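Here is the structure we will look at.
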Amino acid sequence: MEIGALLKRGFAVWWRYKMLWGLGILLALVGRSGYGVTINFGVSDPGQSPDEAVSRILLAFIPEDLTPEAVTGWVLSLGLIVLVGWLVMLFVGSIVEGAAIVQTDLLDQRGQFDLSNSFAIGVSRMVPLALMDVLLALPVLVVWIGILVAFGAVVASVLTIAREGPSASMLGLGVLTILGLIVCLAIPILLWSLFLAVFRPLATRACVLEGQGPVASIKRGWQVLRRNLGQAVVVWLVTFGIGLVYSLPVGAIGGALLFATGANPVTSFGAWVIITVLFNVIFAIILGGLLASLNVALWTVGYRQWTMATPAMQQAYAPVQIR
């Protein structure tokens, strides 16, 4: 199938079967949409000097009895909480993503709506899909552990500086350290993320539709990518372009809210929380969920077409019982 016909079919499946939109919203709720939204408005009072602003912020957020040792404990605890939360979202997200892929493929191939069996297959593929994601995330996890350790060291330094009287100039070392980490780690993380953006959808469908294990799914995804690199990149560019178009009105509305309310977590925490929650519900969950279901449709239709002639695809609906 030509890439134009493939994309047309993917859009048609997404538009015709609007029940997929609900699965996309579920994907957004578990952080699998790829269209997240956050608001972090850092508005400062132009009448304050930098040293006064730094002093006010540090004294507002740093308790007097807080020590570098306590910070180390808090950072480790926070890291553990984030890790546990990530694992929970990983397994729950694997179920929802697996169900969305199966249901999309069922509608595309058979016009069959079977949500219960789709989720049943999602549950059955939860562990292999989660383990596959862990393997793919290992390089980034190692990097983030290093960032967490460095962040703890920087915060401890800031605490020491704060005890002596905070100033903008005294925070220079911490700022330079953070900037150095960003510069050193941004490029490899960006390259790996770009690779996963094209590769992971294929490995995921190998795991869900073909019943492959974690390592076998990675190998299968790599095989499919090598054979269909051009078309896979085109599909990714289309989804990336949709993301850019999506981000333009979001950024415009976010800017309007910034200037209209002046909400930021330092001076107007309550307003900032309300705006952030509403903004994310409207854009990241609802609109982002609709776009997530479109992404699922495009990649699922593409994977089906690229692997149709292989024997492994005969296993795709083996667990599904037609009622």
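Label separation (residue 84 vs residue 143): 2.8 nm, computed from points 7 Å beyond Cα along the C-beta direction. The length gained on full extension between residue 11 and residue 286, counted as 0.36 nm times the residue separation minus their Cα-Cα distance, comes to 97.2 nm.
Each peptide in 202-209, 79-86, 129-136 receives the mean, over its residues, of other Cβ atoms within 10 Å, and ordering these scores from highest gives 202-209, 129-136, 79-86.
Taking amide H as placed 1.01 Å from N in the peptide plane, the amide H of residue 307 sits under 5 Å from none that are at least 5 places away or on another chain.
Remark: the residue 277-residue 219 segment gains 16.9 nm on full extension, using 0.36 nm per residue and subtracting the alpha carbon distance.
Bear in mind these aren't lab numbers, they're just calculated from the coordinates by the rules spelled out. Since this is a predicted model, take the numbers as computed values, not measurements. All Cβ positions, even for glycine, are placed from backbone atoms using ideal geometry, and neighbour counts span all protein chains on display.
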